[in-house]
1. Starting from the coordinates of the alpha-carbon atoms of chain A, obtain the Kirkwood hydrodynamic radius over all distinct pairs and give the value in Å to one decimal.
2. Which lysines, if any, have their Cα less than 27 Å from the Cα of residue A:126, not counting same-chain residues under 8 positions apart?
3. Mind listing the phi-derived Karplus ³J(HN,Hα) values for the stretch A:57-62, rounded to whole Hz, using 6.51, -1.76 and 1.60 with θ = phi - 60°, and x for any glycine or proline?
4. What is the P(r) of chain B, as percent of Cα-Cα pairs per 20 Å bin from 0?
5. Using 23 Å as the Cα-Cα cut-off, could you pick out the over-long pairs in A:48/A:460; A:74/B:117; A:53/B:163; A:204/A:475; B:178/B:286?
6. Search the structure for amide H atoms under 5 Å from the amide H of residue A:478, placed 1.01 Å from N in the peptide plane, and list their residues when 5 or more places away or on another chain.
7. Quick one: Karplus J couplings for the stretch A:366-374, per residue in order, coefficients 6.51, -1.76, 1.60, θ = phi - 60°, nearest Hz, x for Gly and Pro?
8. Give me A:169, A:258 ranked fewest to most by other Cβ atoms within 10 Å of their Cβ, as a rough exposure proxy.
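Each reported figure results from applying straightforward, stated rules to the coordinates on display, with no laboratory input. Computed from a predicted structure; not experimentally measured. Methodologically, a virtual Cβ is constructed for each residue, glycine included, from the backbone with ideal geometry; neighbour enumeration extends over all protein chains shown.
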Amino acid sequence: MEAHTLLSKYGIDDRVWDEMFGREGIRPAYRNMVSAIESLSADEMTHKDELAKKLFMSQGITFTVYSSGEGIEKIFPFDIIPRIVEAVDWEHIEAGIKQRLKALNIFLKDIYHQQFIIKDGIVPAKLIYSCPNFIRQMVNVNVPFDIYTHISGIDLIRDHDGTYYVLEDNLRTPSGVSYMLENRSITYRIFPDLLPRNKVRSVKDYPDLLLKNLVSVANRQKSDPTVVLLTPGMYNSAYFEHTTLARMMGIELVEGSDLLVDNHKVYMKTTSGLKQVDVIYRRVDDEFIDPLVFRPDSMLGVPGIYGAYRTGNVAIVNAMGNGVADDKAVYSYVPAMIRYYLNEEPILKNVPTYQLENPENRKLVFENMNRMVIKKTNESGGYGMLIGSAASEKQMEEFKRAVEEDPRSYIAQPIISLSSAPCYINGVLQPRRVDLRPFALYGPEGIDIVPGGLTRVALKEGSLVVNSSQGGGSKDTWVLQ
Amino acid sequence: MLSRVADSVFWMARYMERTNGMLRILRTNYISSQDEVRDFDWHTLLLNYSDAGEEKVNAIGNHSIRVLEHLLLDRDNGPSVINNITRARENGRAVQDHITKEVWQCLNDYYHLIREKHIQVQIKSGDPVTALDALIQQGMLYHGTVDITMARGEGFNYLNAGKFLERAILSADMLNIKLTELQYNLQAPVELPALRYLLYSLSGYELYLKTHRGNLQADQVIQQIVYNEHFPHSISYCLRQLLRYFERLEPESLPENYRQLEFLIGRAMNNVKYSIIDTSDGEGLKQFLQQTRQELFGIAAAFNQYYFGNS
């Protein structure tokens, strides 16, 4: 049969957890999906693959690369085979993320107010004050409902035995949620009937939940507060996401130059004069948001917006200063935070992390460098990272030197192999490494996590780097009922 | 509505209207260039729709294919069709939450279409008419999509205001181009094909035939392009539509801004309405067209100042 040629070349590595294949063959969650595509010929599969690309292109789900004068439209690579998460796994993930976010949110309030966690010796003061994303201007600023992390994306990976680990918390302006929504809408175009037949839970509530939360953090006593989405502009690589979210929520998409601050109130410039803004879902980073307080050369922000925020005349989502909680060195203290604030054991594990400020850790890491990942604490997107098993001697030496010069800016973690999932590449299914980023919404009524998320995949064979800037792609993510 | 959004919607519509106008005039001119014994002269058109220097204009002015390439596909030529479509798309992209998803996709498809290889090959070495037809058709699709999907709100009104203002400018320009080619001398027996091609470019030939039974006269052609209220490309029609959509903006306008623009549109309408076309007075005709263009540009500048917050 055709299908078995599709599957026949699927080689799995015993040291890696495969999402589809277990010891007993195809895992139950995948059986339905596999039997549906089994009957398809290679031509049909290729046709579906091409259709998906065409749909992305014509819907303008692209980003522009301006390297060679004229912009080239690129699509974010999409693999047509969905990644499937079983209901029981999802329950575990959901509970774990909720617990983690509760603790992180209390941590942010604490660190910008009384700092009990430092006084009780759980987190060293030096670590916090040396963090470039600890924003002194946020000290003693009260944020609406004490919520800092309204929107977050928690990156999860799976080790060789299938255990989920939290790799990173993204608490500032996490992106990718539009791909969660668009990937789903592409899947039902290319695989008719497959979603209902597999009882896949829907992700389409995300914009409604987000809007409900945004409206509810408004300060003015007003039934219809003005909510806007602040974008850095159309040259930002996530601009497609900004427009999609604004459209789905029916809110105004604004740029910094559309807003002005007068008497600590924020207004937008409309054709019929100025209109007061109550809530800003900003996709502009902290350091660019107010040139009067942060980077003076920023053209993306709004002068005076920090003052308006501090006064409580405008709600800003996410809060400013969240970077101190998703710093890669602070990360290793999250399990301790959960124990300290909630008196609970962490549900989701952390990847063991070595602070390189400690000379003993440094020695240990340098001796075992080929089994370690070394990361810069304040970089993301797969930059500023060294994977020991794939690095040359020279690269290792360079990193060692950089670490010695500024140990606070680096951490090390043992290499976690990342689970693999089937991808349709060159006409056959092949395993590629994946992670999972569910998106959580924290509102006055609690935390909601839509059942799904963004599965990022390292499309290069053997690669562990899933970031889109480094040749990664994405998959639709199914959570089964 | 945000001033920036209104500005972008207005310009998106203008670029799309301009694209349609250019494609049609290029199509008729190209066909007429194939139908003549002597070399077709593209100079007047190039002076309007190219920012290339005199040297380049002279070098390509008698080569139809090179002119098409330059006016359609040349990225270095500011007013080229590909640049207009790109700008329309960029404006559309910046206001995606104010136009419907269908309109955005249509603009996006337009952009991908003109960049497609087979279109470029048809223009450079195949049958340019096929390529032009495909492009014109995509433009028609855009207009239909706007009509069927867009809500009749502020955005739609700015979109139409932009469209009709641009169309009035285009009609005045095309008339001016053709009359310049004839050196504004309409007393000498006018070459009939020239007038016919002018009407073709403005999609007005069939209406003319029905109204005047095929009797092609300069006087009547100009009358149709300036005054005919049933001709969607006449200057009068465009101004009336512009006023119609502008009036719908009143509830969302600041009163003093509204009065400024209403005055300018009303004055332009009256100046057109109470004018007299005398084909024996070439100089007078030229002045009339120039004055009309000035007033149209004045309206555009007033939108920019009073509604889009740019000074």
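1. Answer for chain A: a Kirkwood hydrodynamic radius of 23.7 Å.
2. Within the straight-line limit of under 27 Å, residue A:126 reaches these lysines: A:102, A:109, A:328, A:349, A:363, A:375, A:376, A:400.
3. Working through the residues one at a time gives 5, 6, 7, x, 7, 9 Hz.
4. Result returned by the calculation: 32, 59, 9.
5. A:53/B:163
6. Placed amide hydrogens put A:83, A:84, A:85 under 5 Å from residue A:478.
7. Karplus-based 3J(HN,Hα) across the stretch A:366-374 equals 5, 6, 10, 4, 6, 10, 10, 10, 10 Hz.
8. Values: A:169 25, A:258 22.
Going from least to most buried by this count: A:258, A:169.
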